[in-house]
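Down below is the structure, laid out as structure tokens.
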Amino acid sequence: MRSIIGQTPFFRLLIPVIAGILFNRYFPDALHPLSVCVAGFLGMLLPFWIRRDRRFAFRWLFGAGLMCFLFGFTLISYRYHTQQASFSFPDSEAEYKAVVIDIPQEKPRSVACNVRVIYPVKKKAVVYFQQSEASFRLAAGDEIVFRATFQPFRNMGNPDDFDYVQFMEMRGFAGSAYVADGKWMLTDGKASSLFIIAQQMRSKILDFFRSFQLPPDQYAFLSALMIGYKGSLSNDIRDAFSASGTSHVLAVSGFHVGVIYIILTGLLGFMGGSRRQRIIKQIAVIAALWVYAFITGLPLSVIRAAIMLTVFCVGNTVNQNGFTYNTLAIAAFLILLFNPCNFFDIGFQMSFSAVFSILYFQPRLSRLFNPKNKCLMYVWQLFIVSLAAQIAVFPIVLYYFGVFPTYFFIANLLVVPLTGLVMYAFFPLLLFAGLKLLGGGVLDFLYEASKGVIEFLIGLELKIVYFIESLPCAQLTGNHISIFQLLIIFAFLYTAIRFLQNKNGRTLLVSLGLVCIFLLTFIHSTCNAKPPRWMVFNKSGYTETGVFWKGKRILRAPVENEFIPSPSKKILRLSENRYSDAVSKTDLPVDILVLSHDGSFSLPALQKLFRPEVVVLDSSLPRSAANRMKRESLRLNIKIHDVSQMGAFSVNF
């Protein structure tokens, strides 16, 4: 590991950048970043003011100044991006002018558009337009004016939900709004930028994919695979790939960019004679890779792969190996310097961890077994690459999601080669689709044959993924680990591989000691685990109740007007207002009264019957009814919990 750091100068430059990110995260107002930058810049200049005969002794001043400058610059960049994502819209309804910057996505009751607001504030936001013929025709680059009231992003408040607010903040979005039909219109203006042009190209590519007339699931898979568009993916496909441990196939990543690179270099293979031709070839490959990166929407995994392959191409022009730890560090340095908030992006962490793990563990694992058979060697190499990537990824997945795909080794051995075949087979389909316009029976036959190959390969891949999802214990859930346990797992994996490599007894003792520490932390967390809780979850427009225990939801199908069995509390859930005129000589006290669906409930009438300690308004209630009952609760001095606004409600069993 020490040799890796010594051979990676950009890793040393990453240290002040990461330090600046963490410092600003936890001590946001402790330093003045501009002063730090100026001090660092003066520190870099200081050695040039020292006498020449003593300059060598103070050469460290330049490095210290550079570190200080990068630290301060990171502070400035971090604060700029967090300020851009901060909510600063007017409190009431106002008129806005904005530009659509991405392909609109159809939702169940609206059309969601990522926009860049240009008046009266300059922010990125998500606008949900009421479904209409006009909203379905919106496209990237359209300039619109509308009236709306923007709201900050909110988490649902469920214990197992991911942090949606932080996710949108990292993407640079400041708020969202709903715009009814008739409250917006297109202007004559058309915006243009590299990103918007790329999205317009992406939209045309999707139209081209539709012309193949593939089944819906196959079209959705092809769109996600080739250009990273996930708007058409069904929940069934997402869940199947997640359970099988092959979600990375649906997210355009380094694997996809690598296949594109191989195809491009193969097509330009004739350009390799002279040095000039090699340079032209590498420039063409670099340009094509970045065009592809823009078309896919510039996800961090693609940016990382594009930067690394760019460095690799530059290295090829001077006969140097460009794919090293330093290449990975260059990609991380540039991405974080441009937007430090990416450091907390899960995709960023998983992408860079996987590539670092492949670079470090793959050559060490390959030495453990050296098969002579070529087929066996191919399977072994595929296996260890998948294993090396998962070594770093699975602890991160456990930390954030608490899930572990049991059969991910088998799934990747089958799915990854098939994915490569689909990508390779797509280019003949692309060629024959263009030649088909010329007409001719042979060309039509070749087009249909190549289309049939694509359909067969995608269909086979989907069947494999669905089959693996259906296997017993395909996905272990509810296994969240702490940040301390995450670090212990990484340390154990490092020492275990070191022991397999050098058979050192001390390394084995350290590895076993880490296992013991992990078991102690596991026992401690098990003994101090939270008791089961009965919960009303926040699911917009629905009633969802059940028990939450060990990170899992145990849902119960709701029944109209039911008592919820609980050993410690009297819980009554009402979904129909049958008691508005009811009269009782005695009270029917309950601890918790849950109201759902029916907007005609009256709290004064219900209080006379049930005397509830807490009234819970679930997510299925109309907003107008929920607001009315909240006003009634203030007059009656009743404690109320609005799930839609306050998050999930829970009580210990």
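Of all the criteria given as (1) in contact with a strand residue (DSSP E or B) (Cβ under 8 Å, 6 or more places away or on another chain); (2) closer than 20 Å to Gln218 by Cβ, the one not satisfied by Ala425 is (1). Applying the selection to the range 621-647, what residues are at pLDDT 90 or above, under 30 Å from the mean Cα position of the chain (by Cα) and outside any helix (DSSP H, G or I)? Matches in the range 621-647: Asp642 only. When you scan the range 592-611, how many residues do you find that are under 42 Å from the mean Cα position of the chain (by Cα) and not acidic (Asp, Glu)? Total meeting the criteria: 9. Go through the range 253-286 residue by residue and tally those that are surrounded by fewer than 16 Cβ atoms within 10 Å (Cβ to Cβ) and not small (Gly, Ala, Ser). Matching residues across the range 253-286 total 9. Cβ separations smaller than 6 Å between residues 6+ apart or across chains give no pair from the range 154-172 residues that are assigned by TED's automatic domain parsing to the domain that holds Val115 and over 18 Å from Met535 (Cβ atoms) to residues that are part of a loop (DSSP other than H, G, I, E, B) and of a type in the set (Val, Ile, Thr).
If you check Gly245 against the conditions, is it outside any helix (DSSP H, G or I) and at pLDDT 80 or above? Answer is yes for this residue.
Against the conditions (1) farther than 30 Å from Gly141 by Cβ; (2) in contact (Cβ under 8 Å) with a residue 24 or more places away in the chain; (3) of a type in the set (Phe, Trp, Tyr), Tyr96 satisfies every one except (1).
Just so you know, in the range 113-144 the residues that are among the hydroxyl-bearing types (Ser, Thr, Tyr) and either over 20 Å from Glu169 (Cβ atoms) or not assigned by TED's automatic domain parsing to the domain that holds Leu186 (or both) include one that is surrounded by the most Cβ atoms within 10 Å (Cβ to Cβ), and it is Ser135.
Here's the yes/no breakdown for (1) assigned to a loop (DSSP other than H, G, I, E, B); (2) farther than 30 Å from Phe89 by Cβ; (3) in contact with a Lys or Arg (Cβ under 7 Å, 6 or more places away or on another chain):
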{"position": "Ala177", "(1), (2), (3)": "no, no, no"}
{"position": "Thr187", "(1), (2), (3)": "no, no, no"}
{"position": "Leu225", "(1), (2), (3)": "no, yes, no"}
{"position": "Lys230", "(1), (2), (3)": "yes, no, no"}
{"position": "Asp236", "(1), (2), (3)": "no, yes, no"}
{"position": "Phe241", "(1), (2), (3)": "no, yes, no"}
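Within the option set Phe208, Phe195, Phe212, Phe221, being assigned to a loop (DSSP other than H, G, I, E, B) and not β-branched (Val, Ile, Thr) holds for one residue only, Phe212. The set of residues in the range 595-653 being among the hydrophobic types (A, V, I, L, M, F, W, C), crowded, with 20+ Cβ neighbours inside 10 Å and touching a residue at least 40 places away in the same chain (Cβ under 8 Å) consists of Val616, Val643, Ala648, Phe649. Residue check: Leu520 meets all listed conditions (1) part of a helix (DSSP H, G or I); (2) touching a residue at least 24 places away in the same chain (Cβ under 8 Å) but one, namely (2). Looking across Leu509, Leu574, Leu588, Leu500, one residue alone is among the aliphatic types (A, V, I, L, M), surrounded by 11 or more Cβ atoms within 10 Å (Cβ to Cβ), in contact (Cβ under 8 Å) with a residue 60 or more places away in the chain and out of contact with any Pro (no Cβ under 9 Å at 6 or more places or on another chain). It is Leu500. Here Leu336 fulfils each of the conditions (1) assigned to a helix (DSSP H, G or I); (2) modelled with pLDDT under 85 apart from (2).
If I filter the range 565-572 for residues that are among the aliphatic types (A, V, I, L, M) and at pLDDT 85 or above, do I get at least one hit?
yes
Whenever a residue of the range 445-466 is under 22 Å from Asp239 (Cα atoms), its partners that are of a type in the set (D, E, K, R), lying with C-beta atoms within less than 7 angstrom and at least six residues away or across chains, give the pairs Leu462/Asp217.
Residues that are out of contact with any strand residue (DSSP E or B) (no Cβ under 9 Å at 6 or more places or on another chain) and at pLDDT 80 or above were ranked within the range 541-564; the one that is surrounded by the most Cβ atoms within 10 Å (Cβ to Cβ) is Tyr542.
Scan the range 58-99 for residues that are part of a loop (DSSP other than H, G, I, E, B) and over 30 Å from Leu42 (Cα atoms) and the total you get is 9. Could you tell me whether any residue of the range 5-23 is surrounded by 13 or more Cβ atoms within 10 Å (Cβ to Cβ) and not in a helix (DSSP H, G or I)? There is at least one residue in the range 5-23 that is surrounded by 13 or more Cβ atoms within 10 Å (Cβ to Cβ) and not in a helix (DSSP H, G or I).
For every residue, the table says whether it meets (1) at positive phi; (2) among the hydrophobic types (A, V, I, L, M, F, W, C); (3) out of contact with any Phe, Trp or Tyr (no Cβ under 7 Å at 6 or more places or on another chain); (4) part of a helix (DSSP H, G or I).
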{"site": "Lys451", "(1), (2), (3), (4)": "no, no, no, yes"}
{"site": "Glu455", "(1), (2), (3), (4)": "no, no, yes, yes"}
{"site": "Lys463", "(1), (2), (3), (4)": "no, no, yes, yes"}
{"site": "Cys473", "(1), (2), (3), (4)": "yes, yes, yes, no"}
{"site": "Gly478", "(1), (2), (3), (4)": "yes, no, yes, no"}
{"site": "Gln501", "(1), (2), (3), (4)": "no, no, yes, yes"}
{"site": "Leu512", "(1), (2), (3), (4)": "no, yes, yes, yes"}
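The values are calculated or read from the model by the stated rules, or taken from the named source; none is laboratory data. Note that the coordinates shown come from a computational prediction; the quantities given were computed from them, not determined experimentally. Glycine gets a Cβ as well: all are built from the backbone with ideal geometry, and neighbour counts include every protein chain shown.
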